[in-house]
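Let me begin by presenting the structure, written as structure tokens, before commenting on it.
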Amino acid sequence: MATIEQIDANRQNARKSTGPRSAEGKAASRFNALKTGIDAEAETIPGEDPANLEALIAEYQKRWPTDTPERRMLVDTLVNCEWMLRRIRRGEASFWKYKEERTFTDTPNREGRVIDYGDKVYDRLQRRINSIQRNYLRALKELQSLEKAEAADQEPESNQQPIPEIGFVPETSEIHPESIDQMGQAPPPANLPPLPPLAPSAEPLPPAF
């Protein structure tokens, strides 16, 4: 039990603590309460180490940020699912040993004897495992969708293609059917300069017969 001197010292130390002072520290401390909703001490059973659960929480928080309530809930779901799967695997092994001790020991087929006596229990365990895995994959898919949506929102606007104006048609040079001559060729554009006249030939033309 703490003495009066120790209690007074703790109170004085608490008065000196003012929390983070920098802008970065204050911004980070705003989300301290949002990291996880899992209480490692309360959610472990005899035989489980709360430190292992806290380490598992830290691993998932390193992979998935929990800076929003919906992210925190989904990450907690992943942690709970994996922790329950670990518990069920240990329970399955413990049940095997328990059933083996309570059944007959005069047969060399020990595995078959345990399965024969505990088949219904193993069926319930498998259904429980399947349900936990479905919940895990559902939460994982939701987190991945959130991550993709946030990444899309952070893309620069320069990557977006310009949207053409509605009803805009680019101007093109058109050739009308009446402008085509009898040889099937279109006349040259009007904006081209006229061709220079041919120079007269210096040689006389041959006489006509």
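The values are calculated or read from the model by the stated rules, or taken from the named source; none is laboratory data. All values derive from a computational prediction rather than experimental measurement. Positions of Cβ are backbone-derived with ideal geometry, glycine not excepted, and every protein chain shown enters the neighbour counts.
Looking only at residues that are in a helix (DSSP H, G or I) and hydroxyl-bearing (Ser, Thr, Tyr) in region 16-74, which one is modelled with the highest pLDDT?
Ranking the qualifying residues of region 16-74, first place goes to 60.
Taking region 44-72 on its own, how many of its residues are surrounded by 14 or more Cβ atoms within 10 Å (Cβ to Cβ) and in contact (Cβ under 8 Å) with a residue 12 or more places away in the chain?
11
Given the conditions (1) loosely packed, with under 12 Cβ neighbours inside 10 Å; (2) modelled with pLDDT of 60 or more, which single one is not true for residue 135?
Tallying (1) loosely packed, with under 12 Cβ neighbours inside 10 Å; (2) modelled with pLDDT of 60 or more, residue 135 fails exactly one: (1).
Would it be correct to say that residue 88 is at pLDDT 90 or above, of a type in the set (A, V, I, L, M, F, W, C) and either over 24 Å from the mean Cα position of the chain (by Cα) or over 27 Å from residue 151 (Cβ atoms) (or both)?
Answer is yes for this residue.
Are any of the residues in region 103-116 of a type in the set (A, V, I, L, M, F, W, C), closer than 23 Å to residue 40 by Cα, surrounded by 12 or more Cβ atoms within 10 Å (Cβ to Cβ) and at pLDDT 75 or above? Walk me through it before giving the result.
In the first step, residues of region 103-116 are kept if they are of a type in the set (A, V, I, L, M, F, W, C); the result is 104, 114-115.
Add one more test, that the residue is closer than 23 Å to residue 40 by Cα, and what stays is none.
No.
With (1) at pLDDT 85 or above; (2) in a loop (DSSP other than H, G, I, E, B) as the list, and residue 82 as the residue in question, which single condition is left unmet?
(2)
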